[in-house]
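> There's a structure below that I have some questions on.
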Amino acid sequence: MATVELNGAAIVDTESFHTESARAFGFPDSYPHTMDSWVDCLSYLRDEDGMSSIRLGPDETLHIVVLHSDAMRERAEDVLEEMAFCIIGINERYEDYGEKPALELELR
């Protein structure tokens, strides 16, 4: 299983979330730092679209670990909640295409 770690201690607001996400997921330089684009980039991890440096196999899952999630929850709880909500939506999108859900979230 592929794993990506986000440093929750570095996430204090929406902008720092997107900066940390771009680093961790290998988003392109053109990534516009919006939740819509975050969802788009993580919706095609099994395709060769260049939206992330991560490529998953047909049945592979990306394990997203938020380290220091307690610090993120204290400073950017709304961002943490939105990320979790979006992961659910992304997995539903994969299922709509007849694929296995691709993302799993762990808070540490």
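Derivation of every value follows stated rules applied to the coordinates shown; laboratory data play no part. A quick note: this is a predicted structure, and the numbers were derived from the prediction, not measured. Glycine gets a Cβ as well: all are built from the backbone with ideal geometry, and neighbour counts include every protein chain shown.
> So, with +1 on the Cβ of K and R and -1 on the Cβ of D and E, and no other charges, what is the size of the charge dipole of the chain about its Cα centre, to the nearest 20 debye?
300 debye
> For region 49-108, report the convex hull volume of the alpha-carbon atoms normalised per residue, in Å³, without decimals.
It is 90 Å³ per residue.
> Another question about this same structure. Using 1/(1 + (r/R0)^6) with R0 = 22 angstrom and r between the beta carbons of Thr14 and Glu48, what's the FRET efficiency to the nearest 0.05?
Given R0 = 22 Å and the Cβ-Cβ separation, E is 0.15.
> Sticking with this structure for a sec: Cα centroids of region 76-90 and region 42-67: how far apart, whole angstrom?
17 Å
> Then there's this: State, as an integer percentage, the relative contact order of the chain based on alpha-carbon contacts under 8 Å between residues 6 or more apart.
For the chain, the relative contact order is 34 percent.
> At 7 Å along Cα-to-Cβ for each site, give me the label-to-label distance between Asp36 and Asp96 in nm.
1.5 nm
> Given H placed on each backbone N at 1.01 Å, which residues far from Leu105 in sequence or on other chains put an amide H within less than 5 Å of it?
Ile64
> Go through region 32-44 residue by residue and turn each phi into a ³J(HN,Hα) via Karplus (6.51, -1.76, 1.60, θ = phi - 60°); whole Hz please, and just put x for glycine and proline.
Whole-Hz 3J(HN,Hα) from phi for region 32-44: x, 6, 10, 5, 4, 6, 4, 4, 4, 5, 8, 8, 10.
> Can I ask one more? Give me the distance in nm between label points sitting 7 Å out from Cα along the Cα-to-Cβ direction at Met1 and His63, one decimal.
0.5 nm
> What is the pair-distance distribution P(r) of the chain, computed from all Cα-Cα distances in 5 Å bins starting at 0, with each bin given as a whole percent?
Calculated P(r), rounded to whole percents: 2, 13, 24, 27, 20, 10, 3, 0.
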